[in-house]
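This report refers to the structure that appears directly beneath it.
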Amino acid sequence: MTRPLDPARDDVGLIPPLTTWQQQSRRKFQDRRWLHAVLFLLTVASTTWAGAGHYVGFITDMMSRPLSLSFWTLMRGGLWYSATILAILGSHELGHYLACRYYDVDASLPYFLPVPFPLSGTMGAFIRIREPILSKRVLFDIGIAGPIAGFLVAVPALIFGIAMSHVIRIPTNIPLEELGEPLLFKVVSRVFWGVPPEGYDLSLHPVAMAAWFGLLVTALNLFPVGQLDGGHISYAVLGSRSTYVTRAMIGVGILLTYFSGSWIAWTVLMIIMLMRFGVRHPPTLDEHEPLDPARRRLAIFAVVMFALCFTPAPVSPEHIFRG
């Protein structure tokens, strides 16, 4: 995910635009590396903690067997999840960052966001673009580089994780969270394990859990809305007409809340983002020039990625009881 700098303001809205002399005199790609390192290490800790919970569920077959492992053994087990999800998120953000370096567009190193959520352990990561992007071609390349890079890591992780998973009998009278299956996740699980019989389900290896979350993050970033990666891609392809797509997708987000309450927070965040940055994407100098055929084909691939990674109900709003 990329977060561009508002050309007229800094993060708190107090500093006027940089003059040409100031832009030329300020060195690009300068960061407080200690801050990025601290956030990364905190995210390692939070995702390892979350991964330990996934590891417990995996080795106990959804808590149907007693647990007899030491704390440090569980933490080592949590690294399966942590290493995988950080590889997916890190690849996504480095895709954006390296594209910015290639085009000499000033951008920050990735900011990782640690949170104590038991399901994910993180709210993802982002880079901050610190100067306007004036070309649709450059905007498109920077926007699509992240999802493609993350997707190329998530797919082999998904295959490995599903292969390491196993089918178990669903325990009775134990609260479980219902996870929606993206199309790609469903295809890979069916290839390895077929359709589980009634009363059985797949106990996911922590790597598979990380891949599931990585697919979800990819789908969320590809929403063609505002300053999301999908919003940049949509604007590069459609120009000012992308505003209609943004408005339509807000309606889709509201509609999705009827399928799953887990969409409420995401829809609210999209609305807040549009209130902050505006519905219309910041224009480039070549807004009315069409994108070249090769990039239009890549835009179609972005739509395919979105379809493969999307699920209408990522997480059930309530715990359910099986049996």
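The values are calculated or read from the model by the stated rules, or taken from the named source; none is laboratory data. All figures in this text were calculated on a predicted structure; none of them were measured in a lab. Don't worry about glycine lacking a Cβ; one is built from the backbone with ideal geometry, like all the others, and counts go over all protein chains shown.
What the table shows:
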read-out: Conditions (1) surrounded by 13 or more Cβ atoms within 10 Å (Cβ to Cβ); (2) assigned to a loop (DSSP other than H, G, I, E, B); (3) touching a Lys or Arg at 6+ places or on another chain (Cβ under 8 Å): number failed by Arg280; value: (3)
read-out: Selection from the stretch 40-56 of residues that are of a type outside the set (A, V, I, L, M, F, W, C) and either buried (at least 19 other Cβ atoms within 10 Å of the Cβ) or at pLDDT 95 or above (or both); value: Thr43, Ser46, Thr47, Thr48, Gly51, His54, Tyr55
read-out: Given (1) surrounded by fewer than 23 Cβ atoms within 10 Å (Cβ to Cβ); (2) modelled with pLDDT of 95 or more; (3) over 13 Å from the mean Cα position of the chain (by Cα), number of the condition Met75 does not satisfy; value: (2)
read-out: Selection status of Ala307, part of a loop (DSSP other than H, G, I, E, B), surrounded by fewer than 18 Cβ atoms within 10 Å (Cβ to Cβ), in contact (Cβ under 8 Å) with a residue 60 or more places away in the chain and under 18 Å from the mean Cα position of the chain (by Cα); value: no
read-out: Verdict on Thr246 being surrounded by 16 or more Cβ atoms within 10 Å (Cβ to Cβ), without any contact (Cβ under 8 Å) to a residue 24 or more places away in the chain and among the polar types (S, T, N, Q); value: no
read-out: Number of positions in the stretch 36-73 that are in contact (Cβ under 8 Å) with a residue 24 or more places away in the chain and not in a loop (DSSP other than H, G, I, E, B); value: 19
read-out: Scope the stretch 122-176; condition free of Cβ contacts under 8 Å to residues at least 24 places away in the same chain and more than 28 Å from Val38 (Cα to Cα); matching residues; value: Pro156
read-out: Residues located in the stretch 223-239, provided they are part of a helix (DSSP H, G or I) and either surrounded by 24 or more Cβ atoms within 10 Å (Cβ to Cβ) or in contact (Cβ under 8 Å) with a residue 60 or more places away in the chain (or both); value: Asp229, Gly230, Gly231, His232, Ile233, Ser234, Tyr235, Ala236, Val237, Gly239
read-out: Matching residues, the stretch 40-76, being over 27 Å from Ala149 (Cβ atoms) and among the small types (Gly, Ala, Ser); value: Ala52, Gly53, Gly57, Ser64, Ser68, Ser70
read-out: Out of Ile148, Ile127, Ile142, Ile159, sole residue that is among the aliphatic types (A, V, I, L, M) and either over 18 Å from the mean Cα position of the chain (by Cα) or on the phi > 0 side of the Ramachandran plot (or both); value: Ile159
read-out: Hey, Leu274 in a helix (DSSP H, G or I), hydrophobic (A, V, I, L, M, F, W, C), within 26 Å of Thr122 (Cβ to Cβ) and at pLDDT below 95 or not; value: yes
read-out: All positions within the stretch 283-301 that are in a helix (DSSP H, G or I) and farther than 15 Å from Val225 by Cα; value: Pro293, Ala294, Arg295, Arg296, Arg297, Leu298, Ile300, Phe301
read-out: Cross-chain or 6+ apart pairs with Cβ under 6 Å, the stretch 253-265 first and within 10 Å of Pro312 (Cβ to Cβ), then surrounded by 14 or more Cβ atoms within 10 Å (Cβ to Cβ) and among the aromatic types (Phe, Trp, Tyr); value: Leu256/Trp263
read-out: Positions within the stretch 190-222 being assigned to a helix (DSSP H, G or I) and either surrounded by fewer than 23 Cβ atoms within 10 Å (Cβ to Cβ) or in contact with a Leu (Cβ under 6 Å, 6 or more places away or on another chain) (or both), in sequence order; value: Arg190, Val191, Phe192, Trp193, Ala211, Ala219, Leu220, Asn221
read-out: Checking Glu131 against (1) of a type in the set (D, E, K, R); (2) assigned to a helix (DSSP H, G or I); (3) in contact with an Asp or Glu (Cβ under 8 Å, 6 or more places away or on another chain), the condition it does not meet; value: (2)
